[in-house]
Amino acid sequence: MKALIRLLPVAALIATGPVFTGCEQKANTPNYESRVQDRLKDAKLDDVNANWKKDEKALHLSGKVKAEAEKQRAEVLASEVVGTSGRVVNEVKVEGEDTNDADNQIEQRLDKTFKEDDQWDRDTTDLTFHSKAGVVTITGDAPSQAVKDRVTQKVRSIDGVKDVVNDLEIKPAKAQSTKAPRPKK
């Protein structure tokens, strides 16, 4: 009986270990979004929004500011919070700057570049480009990670592109069936 009483505190500690461990892991995951929002509010950049995308390990900044310097300040503040844990994608628009023409030109250049280049198999690589303030988001399918990476490099090389968000899904090409068709009866 005495041995059982002595083991009771040890058993209680062992049983609660996973609870404390789970709480610690959650506490160690920083909330970049709210931390950046707080820094932006302190800097009086109230019209800039932060959106952390965990799967991309990227913090997207959006909204409007009055001057290019404010846009850059928002990016610096966000980068200080995110550090080496991810990257900052600055899609903030500056009032009075119309980026629609530049964005349309970027999209046209990208479409033309990928359609005219024979290295891109349009049947296995479905690409769509959307440019917002020079930040190009790529959507669609790619047959492999290598192709996805090559697409990113190619898009970065286009004049006017400031940053790239590659949201391509990797969908390996389906192998052609080697079975002969069944004869009709």
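The values are calculated or read from the model by the stated rules, or taken from the named source; none is laboratory data. Quantities reported herein were computed from a predicted structural model and do not represent experimental measurements. Neighbour counts run over all protein chains shown; Cβ positions are idealised from the backbone, glycine included. The protein model used for the area step is the full one, side chains on, heavy atoms only, and it has no ligands, DNA or RNA in it. Shrake-Rupley method; radii C 1.70, N 1.55, O 1.52, S 1.80 Å.
Which one of T84, T99, T113 is farther than 27 Å from T128 by Cα and of a type in the set (S, T, Y)? Show your work before the answer.
Details: T99 fails: farther than 27 Å from T128 by Cα; T113 fails: farther than 27 Å from T128 by Cα.
That would be T84, the only listed residue that is farther than 27 Å from T128 by Cα and of a type in the set (S, T, Y).
What helices (runs of 4 or more DSSP H) completely inside the stretch 1-120 contain at least 1 residues that are at pLDDT 90 or above and surrounded by 13 or more Cβ atoms within 10 Å (Cβ to Cβ)?
Working: elements: 2-28, 32-42, 68-82, 100-116.
Helices (runs of 4 or more DSSP H) meeting the threshold: 32-42, 68-82, 100-116.
Which pairs turn up if I take residues in the stretch 56-77 that are under 18 Å from P30 (Cβ atoms) and look for partners that are open to solvent by less than 50 Å² (accessible area, probe 1.4 Å) and of a type in the set (D, E, K, R) with beta carbon separation below 8 Å, at least 6 apart in sequence or on another chain?
The qualifying pairs are H60/E91; L61/E91.
Is it the case that some residue within the stretch 147-170 is part of a strand (DSSP E or B) and exposed (fewer than 14 other Cβ atoms within 10 Å of the Cβ)? Let's see the steps before the verdict.
Taking the stretch 147-170 and keeping what is part of a strand (DSSP E or B), we get 163-166, 169-170.
If we keep only those that are exposed (fewer than 14 other Cβ atoms within 10 Å of the Cβ) as well, we get 169-170.
Checked against the condition, which is being part of a strand (DSSP E or B) and exposed (fewer than 14 other Cβ atoms within 10 Å of the Cβ), the stretch 147-170 yields at least one hit.
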